[in-house]
Amino acid sequence: MLELRLLGKMALRRDGKELALPPSKKTRALLAYLAVTAKRHRRDDLCRLLWHIPDDPRGALRWSLSKLRPLLNDTDHERISADRQTVQLHADDIRIDFLALSHDDTSEEIQASARAVMDGKAVFLEGIEFPDLPEFQSWLNAQRQEARAKAMASPNQVPVPAGGAALAGDVGPGGHPAARPGIQRRLSAILSADVSDYSRLIGADELKSVSALRMLRKELWEPTFVEMGGRIIKASMDGIIVEFASANQAVAAGIAVQEKMGNIAPDDAFMPQIELRVGVNLGDVLIEGDDIFGDGVNIAARLKSSCSAGGLLISGNVFDQLDETQGRHFVSDGDLMLKNIARPVNVYHWAGGPPPFERPPAQVPPTLVDPGKPSIAVLPFANMSGIADEEYFADGMTDGIITALSCMPWVFVISRTSSFTYKNQPIDIRKVAEELGVRYLLEGTVSRSPDKVRVSCQLVDAETARYIWAQRFDRPPADIFELQDDVAGQVVAILEPKLRLIELERSQRKPLAELEAYDYYLKSLPYSYGARGTNIPEAIKHLEQSLACDPNFAPAAGLAAWLRTQDSAYFSAEGIAETRRLANVAVEYGGDDAFVLAISASVVGYFERSWPAALSLIDRAIKLNPNNLTVWTSSGWIRMYYGDSAAALEDFDKAERLSPLDPASYVVHSGRACALFQMEDFDGAAKWARIAAAENPRFTASWRILAASSVYLGDLEGARHAADQILKHAPFETLAFISDILPYHKRAMPELICNALRQIDYPA
């Protein structure tokens, strides 16, 4: 009989006799990880978890396994099984104290371990820490929290009355039950707040920042929270955790603090610009003395970390408890994957604050590939009309100039979806150019009156941060297409003077019967792009208004067809027929527009399964405009569905290079996952599907590939979770629906997916 002790100092015993464990901490950590997770792991995953790449991780893993096999294997049991790709520990006949805590094990030894954990005298894997391996350290910390929770629930270890509540009458600050000896479990609203950009503040002026923060904490934050019923759990120079008896109290306190902070004017002599981020969650928490821990606290902290400066994020659990007055102040952001939280969390943001999420730092390689030709990004033009409702027109002008520049294959143009991540952001010319991998930036302003449109432009050489061209254009509203072409033509003439290109061909965008049609088209764009901004029904509403003004306006017809292919709500017989009609209108009246051809190719392939025709259209689109993100994204999906996964992966790479900061990158990442799945690289497919699902949990294609890949990797629990997400967002999906709707040219592919889903009892 083997016994493995993971609580306190790690030990391994056989028939009561202690065995000498290898001295290597990483070998011991590997044994613990394999024992607790109890599943087959890929060698590459274990290497990434415990070893740095320069350390020859595969060699280190082999060495560790060579030390563990003699300890664990015997003539009757080969407990460690390994092949060239995977490793698994079969621990069915190994008694593991950490796992026994969750069972009805009343043995004296297990109860003693539980008491030691509760008293803080023992922790999971005592003496083993790897702060330079964040993934393993995160797992280790989670097991330690779980050990405390299991110990509290273990037989004979209940330190408080049934239900985990304190005795009646024991009331502390804020109306909460007073803390009692031992650990309590209760439902609480947790507010977590911290100072945005704390390190930058301290680095800029340590003395002034520390003095200001100390004053704010003592005179504003803590008094406000206590007055509104909160109990201060932890407070530091840059953050605070507060417990409230109700969600309404916590939210009211969060709003009150943010509003007070908004009324404080920075003072160069004393008060720097200080902003808070606030997250609120309602959940089960564990209380020990003055300490508090558990998922209820962790989720509040992760919401805070995902929040923008000056903002307030709350979980769906909190929103559901708010009264009608409070609830009106919050807007849904759907499901959000939070760091180290296994399940997506439903999130709402405070409408009275800034935009809900900070733009994440650029996730691009340190050096982007040089495109080998003049490269430019057009930054969002500023709306100078003084009317907020005119913002869409300024965005549309920017989009039109990007489109006009993109028509020329000798210029490399960053997609609008990456350019627009800088909207309403302070701009550092060199930093933006480095993040996007371009040499030039075009910026400007737009103002519109009933009789005139004025556009002012400046072209910047990012290497020197010098303006190399600036000009102002005034045009009647009816000449806005000519204006966009003029701007683009002059920019190209400067970037590539040898070409002497002053004007662009204007055939791609024909004059409209009514300018109002273009207006409605522009209004659809904010709802058509981005993981969080996408609202297909709202976008289509504006596009239908555009087509009502001009039924032959190809960009509106094409965009409407494209959006309808992404939402299964339009997959009825009548819906598909209307999508085909729109695609035909787009091709007939905009057949020399690369964007129109690309989305028409997608419709032809997806709904008509006519792949040769789809490939012909997409190849023509590439020749017309090799700078268009939609063209390369569509090309990747079309080639993937046709069965040419290698070519699809190349196209997805090109799409990402054009838009390295794309808010809708989940479309590319999901396509890459599908291509890898088709190549039977299930590990790679699962990796990219997981990334895509985190970026947009509502895009069910990602969850579908993740579920199927997980089955083939042996992770049935992960597969079932992914399947649950599919059915949450598309409850009508069945195996029959999937088999019918997936347009793979190789019909074995839908069956490969469905065969996997059958193994987890997916609805037939």
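Assorted remarks:
- Taking the conditions (1) outside any helix (DSSP H, G or I); (2) closer than 25 Å to Val413 by Cβ in turn, Pro697 satisfies each one other than (2).
- Output for the range 27-60, where each listed residue is of a type outside the set (A, V, I, L, M, F, W, C), closer than 17 Å to Ser138 by Cβ and modelled with pLDDT of 90 or more: Tyr33
- Positions within the range 409-441 being buried (at least 23 other Cβ atoms within 10 Å of the Cβ) and in contact with a Lys or Arg (Cβ under 6 Å, 6 or more places away or on another chain), in sequence order: Phe412
- Annotation note: Cβ proximity below 8 Å between a residue of the range 17-33 that is closer than 15 Å to Arg48 by Cα and a residue that is open to solvent by 30 Å² or more (accessible area, probe 1.4 Å) and of a type in the set (D, E, K, R) (sequence gap 6+ or interchain) occurs for Thr27/Lys67.
- Qualifying residue in the range 704-724 (condition: modelled with pLDDT of 90 or more and within 27 Å of Asn628 (Cβ to Cβ)): yes
- The criterion of being modelled with pLDDT of 75 or more and either part of a strand (DSSP E or B) or open to solvent by less than 10 Å² (accessible area, probe 1.4 Å) (or both) holds for Gly444.
- Flag if Leu2 is more than 22 Å from Gln145 (Cα to Cα), open to solvent by less than 40 Å² (accessible area, probe 1.4 Å) and in contact with an Asp or Glu (Cβ under 8 Å, 6 or more places away or on another chain): yes
- For the range 562-584, the criterion of being assigned to a helix (DSSP H, G or I), touching a residue at least 40 places away in the same chain (Cβ under 8 Å), buried (at least 16 other Cβ atoms within 10 Å of the Cβ) and in contact with a Leu (Cβ under 8 Å, 6 or more places away or on another chain) is met by no residue.
- For the range 184-241, a residue qualifies if it is within 29 Å of the chain's Cα centre (by Cα), crowded, with 17+ Cβ neighbours inside 10 Å and of a type in the set (Ser, Thr, Tyr), and the qualifying residues are Ser188, Ser192, Ser196.
- For the range 492-501, the count of residues that are β-branched (Val, Ile, Thr), at pLDDT below 55 and not in a loop (DSSP other than H, G, I, E, B) is nonzero.
- Of everything in the range 530-550 that is at pLDDT 85 or above and closer than 19 Å to Val603 by Cα, the residue that is farthest from the chain's Cα centre (by Cα) is Leu547.
- Boolean, Ala142 is among the small types (Gly, Ala, Ser), open to solvent by 40 Å² or more (accessible area, probe 1.4 Å) and either modelled with pLDDT under 75 or out of contact with any His (no Cβ under 8 Å at 6 or more places or on another chain) (or both): yes
- Test for Ala613: is it free of Cβ contacts under 8 Å to residues at least 40 places away in the same chain and open to solvent by 30 Å² or more (accessible area, probe 1.4 Å): yes
- Considering the conditions (1) over 28 Å from the mean Cα position of the chain (by Cα); (2) within 29 Å of Ala377 (Cβ to Cβ), Ala664 is excluded by exactly one of them, (1).
- Whichever residue in the range 733-763 is in a helix (DSSP H, G or I) and among the acidic types (Asp, Glu) and, among such residues, is least open to solvent (accessible area, probe 1.4 Å): Glu751
- Qualifying residue in the range 669-687 (condition: more than 14 Å from Ile753 (Cβ to Cβ) and in contact with a strand residue (DSSP E or B) (Cβ under 7 Å, 6 or more places away or on another chain)): yes
- Each residue in the range 279-338 was checked for being under 25 Å from Gln143 (Cβ atoms) and among the acidic types (Asp, Glu), and 5 pass.
- Flag if Pro272 is more than 29 Å from Ala147 (Cα to Cα) and in contact with a Pro (Cβ under 7 Å, 6 or more places away or on another chain): yes
- Count of the range 304-331 residues which are assigned to a strand (DSSP E or B) and modelled with pLDDT under 85: 1
- Any hit, the range 670-683, residues being under 24 Å from Val438 (Cβ atoms), open to solvent by less than 20 Å² (accessible area, probe 1.4 Å) and either among the charged types (D, E, K, R) or assigned to a helix (DSSP H, G or I) (or both): yes
- Answer from Arg84, Arg13, Arg28, Arg48 - the residue that is part of a helix (DSSP H, G or I) and surrounded by fewer than 19 Cβ atoms within 10 Å (Cβ to Cβ): Arg48
- Matching residues, the range 256-265, being surrounded by 20 or more Cβ atoms within 10 Å (Cβ to Cβ) and of a type in the set (Val, Ile, Thr): Val257
- Any hit, the range 644-652, residues being of a type outside the set (D, E, K, R), open to solvent by less than 20 Å² (accessible area, probe 1.4 Å) and under 17 Å from the mean Cα position of the chain (by Cα): no
- Restricting the first member to the range 539-553 and to residues that are on the phi < 0 side of the Ramachandran plot, and the second to residues that are part of a helix (DSSP H, G or I) and among the charged types (D, E, K, R), the beta-carbon pairs closer than 6 Å and six or more apart or on different chains are His542/Lys523; Cys549/Glu516.
- Test: Glu126 is surrounded by 13 or more Cβ atoms within 10 Å (Cβ to Cβ), at pLDDT 75 or above, among the acidic types (Asp, Glu) and more than 15 Å from Gly8 (Cβ to Cβ): no
- Qualifying positions in the range 386-441 - β-branched (Val, Ile, Thr), at pLDDT 75 or above and over 26 Å from His542 (Cβ atoms): Ile429, Val432, Val438
- A count restricted to the range 447-463 and to residues that are open to solvent by 40 Å² or more (accessible area, probe 1.4 Å) and farther than 19 Å from Phe412 by Cβ stands at 7.
- Residues satisfying the criterion are present in the range 157-165 (criterion: assigned to a helix (DSSP H, G or I), open to solvent by less than 30 Å² (accessible area, probe 1.4 Å) and either modelled with pLDDT of 75 or more or over 26 Å from Leu49 (Cα atoms) (or both)).
The values are calculated or read from the model by the stated rules, or taken from the named source; none is laboratory data. Please read these numbers as outputs of a predicted model, since none were measured by experiment. Here the Cβ is made from the backbone with ideal geometry for all residues, glycine too, and neighbour counts use every protein chain on show. Areas reflect the complete protein model, heavy atoms only, side chains present, ligands, DNA and RNA absent. Shrake-Rupley method; radii C 1.70, N 1.55, O 1.52, S 1.80 Å.
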